[in-house]
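Novice: Here it is: the structure, laid out below.
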Amino acid sequence: MNVTAVILAAGSSSRLGRPKQLVQFQGRSLLRRAAETACASRAGEVLAVLGFDAGSMRDELKGLRVRTLDNPLWREGIGSSIRCALGSLAPGSEGALLIVCDQPLLSAGQMNALIDASAHSPGRPVASAYGGSVGVPALFPRALFDELLLLRGDAGAKRVLLAHRDELVTLPWPDGALDVDTEADVSPRL
C-alpha cells in the first residue's frame, strides 16, 4: 500500500511556551525523532508540515528523506496543516498516515501496523487507541480526504475518525497516552 506519512509540526506550542518540536528526548529533538521514525516505516513518502520557526525546524530534518511543506496559515490551527499536506500528496498516494512529533514513543512498528491494518481493510480509517479514546497516529484513505479538507481551526483529524466510528479500525497503542503539551510533561518524563 502506497501511504504518505505526514508529520504535523507547524504549531507554536503555546501551552508549552517554547517549540515542542525542539524538545530533546534521548539526545534528539522530538521533530527529528518523529521524522526518523517515519523514515524507518514502510511509508512511501514522508512529509513534514512546518510553520512556526520553519527555518529551525527544517534544520532538524537535514539529511533525512523528508519533504518539507511551509504552511503559511499555520496560525489557523492544525486543520490548516492537514489541508496543506493533503493538497501536496502525490496522486498515487492511497492514504495519509498523520503523526505528530509530541508522542515520543512512536515507533516504526506502530506505523507499519497501521499501514498493514489499512491494507487489510481498504477504504476504512485506521487509528491508534490509547487513554480511552482514539487518535493519531491514524491512517486516512483517500476516500476521506474531502472530509479532512473541511477541518478548520484547531479541529483535528479525530473529528473525522469519530464520524466514521462504525467503520473505524483501531489498534491498541498504550504508549500514545504519553504526549508533550506542557512543561510538566517535559521535565519528569523526558
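Bear in mind that the values in this text are calculations on the coordinates, not laboratory data. These numbers come from a predicted model, not from an experiment. Cβ atoms come from the backbone with ideal geometry, glycine included; neighbour counts cover every protein chain shown.
Novice: Taking K and R as +1 and D and E as -1, what net charge do the other residues with C-beta under 9 Å from the C-beta of GLN103 add up to?
Specialist: Here the charged neighbours net out to -3.
Novice: Angle check, please: helix 30-40 long axis (alpha carbons) against the longest principal axis of the chain (alpha carbons), in degrees 0 to 90, nearest 10.
Specialist: 40
Novice: Considering only the chain, what is the antiparallel percent among its DSSP beta bridges, to the nearest 5?
Specialist: Rounded to the nearest five, the antiparallel share is 35 percent.
Novice: Using alpha carbon coordinates only, what is the Rg to Rh ratio of the chain, with Rh defined as the Kirkwood radius?
Specialist: 0.93
Novice: Let me ask another. What ranking do THR68, THR37 get, fewest neighbouring Cβ atoms within 10 angstrom at the top?
Specialist: THR68, THR37
Novice: Still on this structure, I have one more. If you fit an axis through the alpha-carbon atoms of helix 108-120 and take the longest principal axis of the Cα set of the chain, what angle between them do you get, 0 to 90°, nearest 10?
Specialist: Result, in degrees: 20.
Novice: Once phi is turned into θ = phi - 60°, what whole-Hz ³J(HN,Hα) does the Karplus curve with 6.51, -1.76 and 1.60 give for every residue of the stretch 51-61, x standing for Gly and Pro?
Specialist: In residue order, the calculated couplings are x, 4, 6, 4, x, 5, 5, 4, 4, 5, 9 Hz.
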